[in-house]
Amino acid sequence: MARKKTITRDQILNAAYEVVAKEGFSRFTARNIAAKMKCSTQPIYLEFKNMDELKKVLVKEIITKLSTKMLSKEVTGNKLVDLGINYIEFAIEEKQLYKALYLEGETEIADLEQYSYDYFYHTVIQGTEYEELSKDKLLSLYTGFWIVVSGVAALTSSNIITPTREEIIELLEDSFDMIKTNNRPLDLSFKTLHL
């Protein structure tokens, strides 16, 4: 007779999320995740072939949660500014998770890059005045967007600067307008940005 599983895949993912959200990927080990569930590491390896698979599944779930619950809130009505302000507020409210995903370099950067571009284009750009930009301008806007937003997010989440929401919105609007009207494309590869 086969033994019944007492620890589910969702419980493992929830425990893994708690570890990363509170302590970062440096503490992402089978032992630490099992300790959160008060069990051995065996259930983890029954559900996932290894810790890399668990990490990939977890990052994918976090990305889905980010796009559906955190980054899609309407703030100003300008989707580009809204994405920026939501990302910055995520960095402030979820400091450790933000750091784990975007600053520790532990996640699959290629997955985050593809997700960020797809989300940027399909959710933010389509159906707006930005959609009519040339491919080069759109890439410049995308690159400039992440440079500005990542800089503000890193500085605010570490309390180096403490602007109000209104000041952040004004900064984002001015920056995006400048990028959009600049005739020189930002020629930076995302691979050098590590966003």
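The values are calculated or read from the model by the stated rules, or taken from the named source; none is laboratory data. These numbers were taken from a predicted model, which means no experiment stands behind them. When we count neighbours, we look across all protein chains shown, and the Cβ atoms used for this are built from the backbone with ideal geometry, even at glycine. Note: accessible area is taken over every heavy atom of the protein model, side chains too, but ligands, DNA and RNA are not part of it. Shrake-Rupley method; radii C 1.70, N 1.55, O 1.52, S 1.80 Å.
Have a look at Y102, Y17 and point out the one that is in contact with an Asp or Glu (Cβ under 8 Å, 6 or more places away or on another chain) and either open to solvent by less than 90 Å² (accessible area, probe 1.4 Å) or under 25 Å from Q126 (Cβ atoms) (or both).
Numbers: Y102 fails: in contact with an Asp or Glu (Cβ under 8 Å, 6 or more places away or on another chain).
From the options Y102, Y17, the qualifying one is Y17.
Mind checking whether some residue in the range 37-58 is open to solvent by 50 Å² or more (accessible area, probe 1.4 Å) and of a type in the set (A, V, I, L, M, F, W, C)?
So the first thing to find is which residues in the range 37-58 are open to solvent by 50 Å² or more (accessible area, probe 1.4 Å), and the list is 38, 40, 42, 45-46, 49-50, 52-53, 56.
Next, from what is left, pick out any that are of a type in the set (A, V, I, L, M, F, W, C): 46.
Within the range 37-58, one or more residues are open to solvent by 50 Å² or more (accessible area, probe 1.4 Å) and of a type in the set (A, V, I, L, M, F, W, C).
Going by the structure shown, is F25 closer than 22 Å to S157 by Cα, touching a Lys or Arg at 6+ places or on another chain (Cβ under 9 Å) and surrounded by 15 or more Cβ atoms within 10 Å (Cβ to Cβ)? Yes: the conditions hold for F25.
Of the residues making up the range 153-183, those that are touching a residue at least 24 places away in the same chain (Cβ under 8 Å), in a helix (DSSP H, G or I) and either open to solvent by less than 90 Å² (accessible area, probe 1.4 Å) or among the aromatic types (F, W, Y) (or both) number 12.
Listed by position, the helices (runs of 4 or more DSSP H) contained in the range 1-110 that have at least 3 residues being touching a residue at least 12 places away in the same chain (Cβ under 8 Å) and closer than 27 Å to F176 by Cα are 79-93, 95-98. Residues that are crowded, with 16+ Cβ neighbours inside 10 Å and more than 12 Å from the chain's Cα centre (by Cα) are absent from the range 59-74 altogether.
Within the set T162, T123, T143, T156, the sole residue that is at pLDDT below 85 and among the hydroxyl-bearing types (S, T, Y) turns out to be T123.
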